[in-house]
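Read through the structure below, which is laid out as structure tokens, and then see the notes.
Quick note: the coordinates plus some simple rules give every number you see, no bench work behind them. This is a predicted model, so every value here is computed, not measured. FYI the Cβ positions are ideal-geometry reconstructions off the backbone, even for glycines, and counts take in every protein chain you see.
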Amino acid sequence: SQTIHQWPATLVQPVGSPLSLECTVEGTSNPNLYWYRQAAGRGLQLLFYSVGIGQISSEVPQNLSASRPQDRQFILSSKKLLLSDSGFYLCALLQGARGYTFGSGTRLTVV
Amino acid sequence: KQEVTQIPAALSVPEGENLVLNCSFTDSAIYNLQWFRQDPGKGLTSLLLIQSSQREQTSGRLNASLDKSSGRSTLYIAASQPGDSATYLCAVTTGDSSYKLIFGSGTRLLVRP
């Protein structure tokens, strides 16, 4: 079966510090992978998606970037965090006709 | 651009009541529609998935319907329980090659004992 792992679960970072959130999947190859963010009291916003190694599509221009160095690894990064980057970050895997599965998320607080 | 709307935004019902959550979307060219549950501070749990060619799906006390031509879906919860209290999210997968999932803003459900 396909599983998705995200870490860390929570993160508190100062403004201006770098960020790296990692998402890895098991049990599948060449999956479509997605990064979503949920700001406090708001809906889920698609940030990036990737249909293959090295292929990244950005949905919202902002202070973040994404990379896919390996088939089953998707990384969300920032060089300098802003207060507005705080939120709940979720990685998702598209399982074809079975729909989406989400990781357990990373709650990021920028202070 | 696909937009997903959910009504009501919040709902409070007594235990045992049957209830309906509504979802509408603007572009009928979808791949599928998925209902999720989110507990406070937690990730998303998939409840039901309806393919674009299907009309409904059932799982236990949950039943979801899809009317693609009118851009509507409903989630029916029978005999609600306090444990059903959560935010329910409707999301559609776009019909293009990106298969992006577009979410509604959710319905926050409280089932009172």
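Structural remarks
- For segment A:24-72, the C-alpha radius of gyration divided by 2.2 N^0.38 Å, with N the number of residues, is 1.23.
- Our note on the geometry: Cα centres of segment B:1-53 and segment A:10-80, 24 Å apart.
- Peptide-level mean, for B:92-100, of C-beta atoms on other protein chains within 10 Å: 3
- Hydrodynamic radius (Kirkwood) for chain A, which is based on Cα pairs only, to one decimal in Å: 14.0 Å
- Cβ-Cβ distance of A:Ser104 and B:Ser28, R₀ of 41 Å, FRET efficiency by 1/(1 + (r/R0)^6): the value works out to about 0.80.
- Each listed q (0.15, 0.16, 0.17 Å⁻¹) maps to a log10 I(q)/I(0) for the protein assembly as shown from the Debye sum over equal C-alpha point scatterers, namely -1.00, -1.11, -1.23.
- Computed log₁₀ I(q)/I(0) - Debye formula, equal Cα scatterers, no solvent, chain B, q 0.10, 0.20, 0.24 Å⁻¹: -0.26, -1.02, -1.39
- Estimated translational diffusion coefficient (Stokes-Einstein, Kirkwood radius over Cα pairs, 20 °C, 1.002 mPa s) of segment B:1-56: 158 µm² per second.
- Among the residues of A:92-98, the average count of other protein chain beta-carbon atoms within 10 Å of the residue beta-carbon is 3.
- The lysines whose alpha-carbon is closer than 26 Å to the alpha-carbon of B:Lys68, local same-chain residues fewer than 8 away aside, are B:Lys1, B:Lys100.
- Under 20 Å from A:Lys80, Cα to Cα: aspartates and glutamates that are on another chain or at least 8 residues apart: A:Glu22, A:Glu59
- Averaged over the residues of A:27-35, the number of partner chain Cβ atoms lying within 10 Å of the residue Cβ comes to 1.
- Each peptide among B:32-43, A:86-97 gets the average number of other Cβ atoms lying within 10 Å of its residues, and from highest to lowest they stand as A:86-97, B:32-43.
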